[in-house]
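What follows is a set of notes on a single structure, which appears directly below.
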Amino acid sequence: MNTPHEETVREIKNRLNSTLIPSFLEVIDDSAEHLGHLNATSEQGHFTVIISSARFSTLSLVASHRLVYQALGDLMPSKIHALKIKIKD
């Protein structure tokens, strides 16, 4: 079943795969759980990214999160209203 943000999920995956070369990546569209959220629009979604990458091995958690945000760049806030990041070992 297609979700309203399927294209954004694909774009998130493409950007993270190309920049961080993850050994594990899962992107979850949580938008349905946040319907009516203040300042959110139908074009913006809520997402969870679960990711593991060798690029994170020498970085702090904050620095790892920064790399994810940098990779997603202009998707926030145009397509992404909220993003939860879980870094896996």
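FYI, it's all coordinate maths here, none of it is from the lab. Quantities reported herein were computed from a predicted structural model and do not represent experimental measurements. Glycine gets a Cβ as well: all are built from the backbone with ideal geometry, and neighbour counts include every protein chain shown.
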Give me 81, 5, 65 sorted ascending by neighbouring Cβ count inside 10 Å, so fewest comes first. 65, 81, 5
Amide H neighbours of residue 80 at under 5 Å, excluding residues fewer than 5 places away on the same chain, with H built from the backbone geometry, are 45
I need the phi-derived Karplus couplings for segment 52-60: 6.51 cos²θ - 1.76 cosθ + 1.60, θ = phi - 60°, integer Hz, Gly and Pro marked x. 10, 8, 4, 4, 8, 4, 10, 9, 6
Quick one: what Rg and Dmax do you get for segment 6-87 from the alpha carbons, in Å? 12.5, 39
